[in-house]
Structure formats: C-alpha cells, structure tokens
Amino acid sequence: MKMKGVEKMEDQQAGKRTLTLPITLVLLVFSLIGNVFLFSQYLQGKQDEQLRTGQHIIETAQQAAANYNALINEAAVMLELNEKGVYTDKLQQATGAAGLDGAGAAAFIAEAKSIKGEAAENHATAYFAEIRKTLDALHGRKEPYTEADKQSLTALRQSLESQAAIIAEFDFDAAESRSSTLQIATGIGWLELADQLETEMSK
C-alpha cells in the first residue's frame, strides 16, 4: 500500500506531464505563426522590389518613346527650316534640341540585358551620341544642306521612326495595374522589343 506522500508526488508529476503537452503545442503553434509571418514579409518585400523594377522599366520605355518623338521632330523641323533659309545656330534654338539624346532607349535596352543576365554594355549610348554629333553639325551650317545632307538626315529620321514604332508596341498601360507591372518586371511581353531596337540600330 502506497504512502500518502508518495501518492501526492505521483499526482503532481502526472499533473506536470498533463500540462507539458498543451504548453508545447501552444509554443509550437506560435512558432509556426511567427515563421509564416516572417516568410510572408519576405515575399512581400520581394514583390515590392519587383514592383519598383517594373515601374522603372515602364519609365524607361516612356522616356525612350519621348526621346524618339523629339529626335524625329528635330530632324523634320531641320529639313523644313533649312528649306526656308534658316541656316545658323538659331535652328537648334528653334527645335529646342540642345543636348537631346536617346538615354531612355539605352536604359530600356540595359534593363532587358539585366533581366536576361547578359552583359550590361550595349551600343545604344554610342549610337545616340553619333546621332547627336550629326545633328549638331548640321545645326551649325550657314548654308543650305547639300543633297547628301538631306538624304542623310532623311534616312536618319526614317530609322528613328522605325525604332519609335517598335517602342510604341510596349504595353504602357501596364503602369495602371500592379499585376501587369509585376509581369513587366519579369520581362513578359517586351524583351523582344529591346532586341528589335538593337537590331534596328545596327543597320
């Protein structure tokens, strides 16, 4: 027959064992909840980063489109004003073209290369620098353009128009939707446009 002290000790130990399991389960549940919360925060952070990337890509596409339109307009106005006898540096003032380049297109192509894991270097910057040099030289003419000048400027404008048509295919409306912007960040629907731009520039 057990003594009362022994029975009491056994009851206490049984009570402790009874409490240990639910406490362990509660701690485990809280640990899981904490891990899920931290993981969801991590995923949210990654998605926010992708969203910013998508927004930046859309901005570079918008800048590229604006650059192309401005350069096309500049070339067209140069031809028109030269025909009217405007041959001096006032031509550049009339077109508002001082320093205008294709930084947007260069950034757009660079973003595409980054997503594809390719070398960041591209020829767009040098391409537009050469265009700027050509246009600035013609801005400084104090006599009518030669036929060669006109043909060169016309060909340049046509090439820019071809590139503008390519960038115009970009889904600019993606900026209105979070999900569409996230898709842009992954390269969906526009990487081939950057390739086409590079191909056109190399012609």
Original post:
Leaving out ligands, DNA and RNA, what percent of the accessible area of the range 92-203 is carbon and sulfur, probe 1.4 Å?
Top reply: 50 percent
Original post:
Considering only Cα-Cα distances, which of the following residue pairs are longer than 22 Å: K46/K116; K142/K203; K113/K133?
Top reply: K142/K203; K113/K133
Subject >> In Hz, Karplus ³J(HN,Hα) per residue of the range 145-158 (6.51, -1.76, 1.60; θ = phi - 60°; x = Gly, Pro) >> reply: 5, 6, 4, 5, 4, 5, 5, 4, 5, 5, 5, 4, 4, 5
Original post:
How many Å² of accessible area per residue for the range 110-203, probe 1.4 Å?
Top reply: 55 Å²
Subject >> Ordering of 142-155, 163-176, 102-115 by burial proxy (mean other Cβ atoms within 10 Å per residue, highest first) >> reply: 102-115, 163-176, 142-155
Subject >> Partners for K150 among aspartates and glutamates (Cα-Cα distance below 13 Å; same-chain residues under 8 apart left out) >> reply: E80, E83
Original post:
From the phi of every residue in the range 136-144, what ³J(HN,Hα) in whole Hz does the Karplus formula 6.51 cos²θ - 1.76 cosθ + 1.60 yield, where θ is phi - 60° and glycine or proline is x?
Top reply: 5, 5, 6, 4, x, 5, 10, 8, x
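The values are calculated or read from the model by the stated rules, or taken from the named source; none is laboratory data. Just so you know, these numbers come straight off a predicted model, no measurement behind them. Here Cβ is always computed from backbone atoms with ideal geometry, including for glycine, and neighbour counts include all displayed protein chains. For accessibility, only protein heavy atoms count, side chains too; no ligands or nucleic acids. Shrake-Rupley method; radii C 1.70, N 1.55, O 1.52, S 1.80 Å.
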